[in-house]
1. Collect the residues in the stretch 477-494 that are surrounded by fewer than 23 Cβ atoms within 10 Å (Cβ to Cβ), polar (S, T, N, Q) and in contact with a strand residue (DSSP E or B) (Cβ under 6 Å, 6 or more places away or on another chain), keeping them in residue-number order.
2. It is to be established whether one or more residues within the stretch 329-337 are closer than 30 Å to SER40 by Cα, modelled with pLDDT of 90 or more, open to solvent by less than 50 Å² (accessible area, probe 1.4 Å) and part of a helix (DSSP H, G or I).
3. What number goes with the only condition from (1) modelled with pLDDT of 80 or more; (2) over 20 Å from LYS357 (Cβ atoms); (3) in contact with a helix residue (DSSP H, G or I) (Cβ under 8 Å, 6 or more places away or on another chain) that PRO109 does not pass?
4. Just one of LEU611, LEU555, LEU590 is part of a strand (DSSP E or B) and among the hydrophobic types (A, V, I, L, M, F, W, C); which is it?
5. Would it be correct to say that PHE415 is surrounded by 16 or more Cβ atoms within 10 Å (Cβ to Cβ) and either among the hydrophobic types (A, V, I, L, M, F, W, C) or touching a His at 6+ places or on another chain (Cβ under 6 Å) (or both)?
6. Taking helices (runs of 4 or more DSSP H) that do not extend beyond the stretch 171-271, which have at least 2 residues that are more than 30 Å from PRO521 (Cβ to Cβ) and modelled with pLDDT of 90 or more?
7. Suppose we filter ARG606, ARG576 for residues that are surrounded by fewer than 21 Cβ atoms within 10 Å (Cβ to Cβ) and among the basic types (Lys, Arg); which single one remains?
Amino acid sequence: MSVEKKEPRQPCCSKLKFFLVSMSFVYFAKAFQGSYMKSSVTQIERRFDIPSSLIGVIDGSFEIGNLLVIAFVSYFGAKLHRPRLIGAGCLIMAVGSFLTALPHFFQGPYKYETTISHFSEANATETILPCLNNESHPQGDDLPSEETQAECEKVAGSSLWVYVFLGNMLRGIGETPVMPLGLSYLDDFAKEENTAFYLACIQTVGILGPMFGYMLGSFCAKLYVDIGAVDLDTISINHKDSRWVGAWWLGFLLTGVVMLLAGIPFWFLPKSLPKQEKSPAKKSADAQEGEQDTFIRTDSSNSPPSDKQEPVTMAALAKDFLPSLRRLFSNTIYLLIICTALVQVNGFIGMITFKPKFMEQTYGQSPSRAIFLIGILNLPAVALGIITGGFVMKRFKLNVLGAAKICITASFLSFCLLLGQYFVHCGNTHVAGLTVSYQGEPEVSYQEQSLLSQCNSGCSCSLKHWDPVCSYNGLTYASPCLAGCQSSTGVGKEMVFHNCTCVGDAYLPAANRSTVLGQCPRQENCDRIFKIYMGVSVLGAFISACGATPGYIILLRSIQPDLKSLALGMQTLIVRTLGGIPPPIYFGALIDRTCLKWGVKRCGGRGACRLYDSNAFRSTFLGLVYGLYSLSYVLWAVLYNRLAHRHKQEAMQNQAKDTEQGANGVNGGNENGPAAIVKYKEDLDKETTI
């Protein structure tokens with residue numbers, strides 16, 4: 001008979017494992033989708049000719065979508081069919097991904113800014129005269145009229161970035177039910193001692209998503225945006241050029257298909273599952289303080305929902321919403337957790353959004369290579385760190401206080417490594433008239449007129465356009481005209497400019513007065529410095545990720561079980577709103593202030609930045625991250641103090657309970673002893689802030 005009773009539990013366990021696998025795949029798919037969006041930021045900025053601050057607004061639209069629905073989804077969704085809500089969310093995310101790619105099919109061919117005349121002939125012997133050509137046809141320094149510009153922008157489709165904004169917002173709406181409903185569903189029906197390990201498994205599989213997302217972003221960044229529609233031999237730029245735009249739209253189509261597939265299993269899962277039974281050994285072990293202890297005492301009324309639950313009405317749920325919210329935010333530890341996470345997420349989101357651009361400007365890496373290295377090196381280190389944190393929690397059966405110690409230690413050590421990154425840099429690239437003078441001396445302050453020099457004074461060059469060429473002495477010029485070049489040979493990427501009058505005046509005189517297309521590479525030791533930077537970055541990513549799973553455990557064990565979904569949802573709402581939307585905007589706005597050379601839109605006006613002051617960029621970018629992380633450690637200290645205080649109170653209450661039981665057994669009818677103990681317990685309860 002006992003064997004027959006155990007058999008029905010087998011499908012239940014398999015359904016829970018099926019849910020675990022499905023959740024892992026969804027975490028992979030949404031991370032795959034989100035990381036591809038992050039990796040495409042530079043390409044979208046260049047394609048629509050918009051500044052970094054506006055890119056921050058587009059990037060923050062994901063969190064705006066979360067903000068619209070997450071409070072209702074996390075509260076009402078906990079009472080409804082959670083797996084099906086997750087499946088519906090996946091469908092919405094897929095639609096959002098397809099909508100993001102839509103502008104590509106409405107826009108015309110991409111036309112990058114250039115002052116070079118192109119020839120359609122196949123032979124490479126024709127010669128153009130950059131200097132003399134610009135003398136008779138100044139290149140676009142005069143702004144067009146408002147009517148002409150409006151008509152041009154309509155044809156160019158420069159306002160179609162709104163579709164990217166809306167698509168990203170739709171992805172945020174669809175992602176809303178995944179985390180709060182999925183994790184609460186898992187925690188409700190899994191063994192308590194397995195929760196930390198399950199969370200670590202989901203997050204570890206999920207971190208593979210960014211790996212593939214960044215690798216896909218790197219691949220698409222090397223493909224020309226209009227691949228298949230233009231002759232690539234006629235293009236004079238390559239993927240290392242700041243005007244290059246990769247096939248950013250292609251990846252959104254692929255990530256949308258993956259998200260569609262990820263949502264299918266959730267339509268076949270039940271509303272609830274039987275709770276996994278603890279083994280007798282685990283039941284006796286739970287009598288002692290261990291990994292899964294909670295600060296919130298539970299009773300039978302807080303048991304997980306079952307299939308036999310009475311149906312609840314929306315009116316009853318709405319009536320109980322505000323009281324539940326009031327109970328949740330009366331939890332001091334919960335508030336401190338939110339504040340700490342809020343500050344850390346501000347620093348993390350700002351850093352990860354502009355890290356590829358930081359690597360490009362500081363170390364001379366192409367966007368595709370920067371994205372690839374983040375995906376192939378940093379993200380596996382993060383995955384290893386997450387699973388390591390979950391394993392440590394399970395192996396040593398750490399309580400909430402132990403989890404807090406891991407979080408603080410991991411965060412502080414990673415911050416120390418982050419500080420070291422400030423001193424590992426390559427310096428500015430040498431661009432005549434921008435970072436150095438035409439004589440090779442460092443520029444004190446940039447003014448547009450500093451692009452002019454005696455060597456190019458007779459060419460009547462445009463000061464607006466960015467068309468860089470590299471001389472053989474290592475100095476970059478903003479255009480062939482500004483280099484004083486008199487003639488050229490070749491077509492496309494193979495074009496070479498000759499008799500450049502400014503090259504002879506450079507700080508390293510050379511007999512060869514020719515230039516080639518593109519910026520000059522950084523100094524020779526920059527590759528070695530970049531390898532050191534990547535090593536420090538990867539190690540810091542691993543250490544920081546070790547605190548991810550313990551952080552979830554602190555949150556889950558510090559709230560009432562019936563408020564679990566609401567707590568996770570409200571934390572996501574607040575952190576995504578205040579920690580996800582503002583950072584890309586103010587990081588981008590401050591980074592824009594370090595721009596030395598703005599591009600020119602096809603229809604006139606300021607476009608995307610082509611060159612930054614890398615020293616100012618580094619100070620601004622890392623300075624913001626350092627300031628935010630430093631503030632988070634102050635909050636961590638306060639949070640740890642509250643956790644330690646509450647832990648002490650729990651220990652004293654348990655001691656009082658044991659003493660009461662002993663007194664009842666020894667004294668029998670003695671009333672003074674138990675009464676004193678009850679009074680003592682009441683005094684302890686008054687001290688707690690939870």
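1. Correct list: SER487, THR489.
2. Here is the first cut: in the stretch 329-337, the ones closer than 30 Å to SER40 by Cα are none.
So far as the stretch 329-337 goes, no, none of its residues is closer than 30 Å to SER40 by Cα, modelled with pLDDT of 90 or more, open to solvent by less than 50 Å² (accessible area, probe 1.4 Å) and part of a helix (DSSP H, G or I).
3. (3)
4. Numbers: LEU555 fails: part of a strand (DSSP E or B); LEU590 fails: part of a strand (DSSP E or B).
Being part of a strand (DSSP E or B) and among the hydrophobic types (A, V, I, L, M, F, W, C) holds for just one of LEU611, LEU555, LEU590, which is LEU611.
5. yes
6. Values: elements: 178-189, 195-222, 248-263.
Fully inside the stretch 171-271 and qualifying: 248-263.
7. ARG606
Quick grid of which residues meet (1) modelled with pLDDT under 85; (2) within 21 Å of PHE358 (Cα to Cα); (3) in contact with a Lys or Arg (Cβ under 9 Å, 6 or more places away or on another chain):
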position: ALA403; (1), (2), (3): no, no, yes
position: SER411; (1), (2), (3): no, no, no
position: LEU418; (1), (2), (3): no, yes, no
position: CYS426; (1), (2), (3): no, yes, yes
position: GLN439; (1), (2), (3): yes, no, no
position: PRO442; (1), (2), (3): yes, no, no
position: GLN447; (1), (2), (3): yes, no, no
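The values are calculated or read from the model by the stated rules, or taken from the named source; none is laboratory data. In this text the structure is predicted, and so the values were computed from the model without any measurement. Positions of Cβ are backbone-derived with ideal geometry, glycine not excepted, and every protein chain shown enters the neighbour counts. Ligands, DNA and RNA are excluded from the accessible area calculation, which covers all protein heavy atoms including side chains. Shrake-Rupley method; radii C 1.70, N 1.55, O 1.52, S 1.80 Å.
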